[in-house]
Amino acid sequence: MFTFLRRRFGRPDAAFDPHWHDLLTTHFQHWSGLTPAELQRMEHLVAAFVTGTRWEAARGFDLTEDIKVLIAAQASLLLLGLDIDGYEDLTSVIVHPSTVRLRGVHPTGGGVFSSAPRVIAGQAHYQGPVVLSWAAARRGAQYPAAGENVVYHEFAHRLDMLDGVIDGTPPLDDEAALARWAEVCTAAYDSVRADGSPVLRNYAGTNPAEFFAVATEVFFNRPVELEEHEPALYAELRAFYRQDPAVRCAAAGR
């Protein structure tokens, strides 16, 4: 998977600062559930992301190294089981202290649109930057049980964009995997739009791209509930990400 996208990301000599381990153990709840082998790969990914990314602070925000590391770790978790070491065509990560206010017509979920000003926590641009609210990113790292994580959400969009089409289907291994993904995700998406879901919030019904991003948040944050209520969807996400967060939760006694 993704072998055609392999390339260097970050500086070849990028090193993981030991201080970061303590930082992530304290402020990123998923860090402590990783195995030694997973931590070794994550350290490589985080160091590459921190050094290889152009970081921009919005509105005079004090964008510290600790903030970069915490965001990098969350973005890197999605790559842990994949054959890529970074996000292609990511021009920068723009960090706001809190939310971002936008204007213009936008979807609100379930096929409904609004022209009212909106406040967002993040936004991913094709072959461009990812915009993040630090307040939301910090909250998502510390409180996964809430089920929401803006970093997972926006970088799931980046994975969706790898094949040049933003349609809720990231690059998959073969035609059989693609057909299975389409069948399972379409059924789950239609169900959310028609009846809602006990585990996927209504925004998942906005369009297939948002469905994949929301499902990714829940896959990593509430995996046991997702596997219980949407076993076929959980299996597809497990096969794609090559990770099993539900097993991690069981090992950690959660």
Original post:
Are there any pairs with C-beta distances below 7 angstrom linking a residue in region 228-243 that is on the phi > 0 side of the Ramachandran plot to a residue that is of a type outside the set (Lys, Arg) and surrounded by fewer than 22 Cβ atoms within 10 Å (Cβ to Cβ), with the two at least 6 apart or on different chains, and if so which?
Top reply: Arg242/Gly81; Arg242/Leu82
**OP:** With the checklist (1) over 26 Å from Val93 (Cα atoms); (2) modelled with pLDDT under 95; (3) aliphatic (A, V, I, L, M) in hand, flag the one item Ala188 doesn't pass.
**Re:** (2)
Original post:
Which members of region 190-207 meet the condition of being part of a helix (DSSP H, G or I) and within 22 Å of Gln243 (Cβ to Cβ)?
Top reply: Ala204
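Which residues, counting only those in region 244-254, are among the basic types (Lys, Arg) and either touching a Ser or Thr at 6+ places or on another chain (Cβ under 7 Å) or at positive phi (or both)?
To start, the set of residues in region 244-254 that are among the basic types (Lys, Arg) comprises 248, 254.
If the condition is that a residue be among the basic types (Lys, Arg) and either touching a Ser or Thr at 6+ places or on another chain (Cβ under 7 Å) or at positive phi (or both), then no residue fits.
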Subject >> Candidate set from region 60-80 (those that are among the charged types (D, E, K, R) and within 12 Å of Trp134 (Cα to Cα)); member that is farthest from the chain's Cα centre (by Cα) >> reply: Asp62
Original post:
When you go through (1) in contact with a Cys (Cβ under 7 Å, 6 or more places away or on another chain); (2) more than 21 Å from Gly81 (Cβ to Cβ) one by one for Gly168, which number turns out not to apply?
Top reply: (2)
Original post:
Residues that are at pLDDT below 85, surrounded by 13 or more Cβ atoms within 10 Å (Cβ to Cβ) and in contact with a strand residue (DSSP E or B) (Cβ under 9 Å, 6 or more places away or on another chain): which strands (runs of 3 or more DSSP E) entirely in region 1-118 hold 2 or more of them?
Top reply: 106-109
Subject >> Residues that are part of a helix (DSSP H, G or I) and either among the basic types (Lys, Arg) or in contact (Cβ under 8 Å) with a residue 60 or more places away in the chain (or both), drawn from region 162-189 >> reply: Leu162, Ala177, Arg180
Subject >> Count of residues meeting criterion [charged (D, E, K, R) and within 16 Å of Pro231 (Cβ to Cβ)] in region 162-198 >> reply: 2
**OP:** Filter region 227-241 down to residues that are within 17 Å of the chain's Cα centre (by Cα) and surrounded by fewer than 24 Cβ atoms within 10 Å (Cβ to Cβ), then give me how many there are.
**Re:** 5
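Considering only residues that are crowded, with 22+ Cβ neighbours inside 10 Å and in contact (Cβ under 8 Å) with a residue 40 or more places away in the chain, which ones fall in region 121-130?
Of the residues in region 121-130, the ones crowded, with 22+ Cβ neighbours inside 10 Å are 121-122, 124, 130.
Scanning region 121-130 gives a single hit, Val130.
The values are calculated or read from the model by the stated rules, or taken from the named source; none is laboratory data. Because the structure is a prediction, the values reported are computed rather than measured. Because the Cβ atoms are built from the backbone with ideal geometry, glycine has one as well, and the counts that use them run over all protein chains shown.
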